[in-house]
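Where a number appears in this text, it was derived from the coordinates with a stated rule and is not lab data. Given the structure is predicted, the values throughout are model-derived calculations rather than measurements. Neighbour counts run over all protein chains shown; Cβ positions are idealised from the backbone, glycine included.
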């Protein structure tokens with residue numbers, strides 16, 4: 001992974017949040033590397049990556065942000081199942097959109113959804129963890145890119 | 001007009017249904033897997049199918065092959081997060097009538113749907 005690759009994911013995040021509400025700005029803070037203790041929030045959607053790259057792409061957010069997105073999508077009533085569905089779908093969309101740049105051999109799995117800080121997914125030990133902080137409507141989320 | 005919406009995400013299925021709500025659609029079915037989609041399509045021969053690609057079990061492209069086997073004239077609109085050209089070209093070669101990328105843009109979706117039903 002290099003800076004250019006991370007820019008691909010930043011563009012995907014930008015596109016996703018702009019598609020929700022054009023008049024609400026999404027702020028993407030400078031990415032950083034955090035190999036120890038990944039910053040998981042309440043809900044995490046994990047996409048396993050294989051083929052051209054190996055590892056995972058995760059979107060993690062608190063329930064408040066996900067509920068706001070569901071409200072924007074006109075979902076009501078909102079329950080935990082819908083929140084889990086959405087966090088997986090966001091992870092899927094961001095990873096799948098990255099194929100525009102990485103091509104068809106960037107293979108993505110179906111989403112795995114995890115709740116809480118302890119995410120039961122085996123991340124490859126030889127990957128660096130790039131963290132992209134996202135702020136939308138005052139709420140923070142992260143896109144974690146852990147790829148070799 | 002009968003519409004079949006295939007996506008493993010219920011949030012996406014419902015968003016598509018809401019975006020396409022119109023007087024022209026009289027019946028909507030939803031499927032969360034390729035297997036269910038093939039079974040439903042075989043039973044009802046929907047006028048339009050929207051189809052995701054990345055799903056557990058049977059993926060969308062295999063599902064597309066099976067729908068086209070049942071009805072070579074099927075109108076299938078792929079709606080996928082996979083934004084690479086090769087996948088879109090492959091889907092069209094296999095018989096899809098259109099390809100839209102997620103995140104879904106409602107006006108684009110309605111336009112693609114309109115083009116499909118006028119075809």
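From Cα coordinates alone, what are the radius of gyration and Dmax values for the protein assembly as shown in angstrom?
Cα radius of gyration and Dmax of the protein assembly as shown are 18.3, 55 Å respectively.
What distance in nm lies between label points placed 7 Å from Cα along the C-beta direction at residue A:81 and residue B:62?
Placing both labels 7 Å along Cα→Cβ, they lie 2.5 nm apart.
What do you get for the angle between helix A:63-72 and the principal long axis of chain A? Use alpha-carbon atoms, 0 to 90 degrees, nearest ten.
Here the helix axis deviates by roughly 60 degrees.
Nearest 0.05, what FRET efficiency do residue B:35 and residue B:119 give at R0 = 30 Å with Cβ-Cβ as r? List each step's numbers first, then the result.
Details: r = 28 Å, r/R0 = 0.92.
Once rounded, the FRET efficiency stands at 0.60.
How do A:19, A:114, A:95 line up, fewest other C-beta atoms within 10 Å first? Write out the running numbers ahead of the final one.
On the way: A:19 14, A:114 21, A:95 31.
Ranked by crowding around the Cβ, least crowded first: A:19, A:114, A:95.
Hey, how many Å between the Cα centroid of the range B:25-61 and the Cα centroid of the range A:44-67?
After rounding, the separation between the Cα centres reads 26 Å.
Report relative contact order for chain B in percent, whole number only (criteria: Cα-Cα under 8 Å, sequence separation at least 6). Write down the numbers at each step before the final one.
Details: 194 pairs, mean separation 28.1, N = 119.
Across chain B, relative contact order equals 24 percent.
Can you compute the FRET efficiency between residue B:43 and residue B:10 using 1/(1 + (r/R0)^6), with r the Cβ-Cβ distance and R0 = 25 Å? Round to the nearest 0.05. Write out the running numbers ahead of the final one.
Working: r = 21 Å, r/R0 = 0.85.
It comes out at approximately 0.70.
Taking the range A:93-148 as the region of interest, what is the percent of Cα-Cα pairs per 5 angstrom bin, listed from the shortest bin to the one with the maximum distance?
4, 13, 18, 29, 22, 10, 4, 0
Taking the 0 to 90 degree range and rounding to the nearest ten, how far is the long axis of helix A:3-20 tilted relative to the main principal axis of chain A, both from C-alpha atoms?
20
Normalising by the residue count of chain A, find the relative contact order in percent from Cα pairs under 8 Å and 6+ residues apart. Show your work: numbers first, answer last.
Numbers: 283 pairs, mean separation 55.8, N = 148.
Value for chain A: 38 percent.
Quick check on chain A: helices-only [θ] at 222 nm, where DSSP H runs of length 4 and up contribute -39,500 (n - 2.57) each and the sum goes over total residues. Nearest 500, please.
Numbers: 4 runs with 50 residues, N = 148.
Calculated from helices alone, the mean residue ellipticity at 222 nm is -10500 deg cm²/dmol.
Please compute the length gained on full extension between residue A:7 and residue A:52, using 0.36 nm multiplied by the number of residues separating them and subtracting their Cα-Cα distance.
Working: separation 45, 0.36 × 45 = 16.20 nm, distance 1.76 nm.
14.4 nm is the gain from fully extending residue A:7 to residue A:52.
Give me the extension gain from residue A:72 to residue A:37: residue separation times 0.36 nm, minus the current Cα-Cα distance, reported in nm with one decimal.
Stretched out fully, the residue A:72 to residue A:37 stretch lengthens by 9.4 nm.
How much length, in nm to one decimal, is gained on full extension between residue A:29 and residue A:115, taken as 0.36 nm per residue of separation minus their Cα-Cα distance?
Working: separation 86, 0.36 × 86 = 30.96 nm, distance 2.39 nm.
Contour length minus Cα-Cα distance gives 28.6 nm.
Please work out whether the range B:2-118 counts as rounded, prolate or oblate from its C-alpha gyration tensor, where a ≥ b ≥ c are the square roots of the eigenvalues and a/c under 1.5 means rounded, while otherwise a/b larger than b/c means prolate and anything else oblate? Let's see the in-between values first.
Values: a/c = 1.24, a/b = 1.07, b/c = 1.16.
Rounded, since a/c falls under 1.5.
Using the Cα gyration tensor of chain A, with a ≥ b ≥ c the square roots of its eigenvalues, what is the shape: rounded (a/c below 1.5), prolate (a/b larger than b/c) or oblate (neither)?
Numbers: a/c = 1.55, a/b = 1.36, b/c = 1.14.
Prolate, since a/c reaches 1.5 and a/b exceeds b/c.
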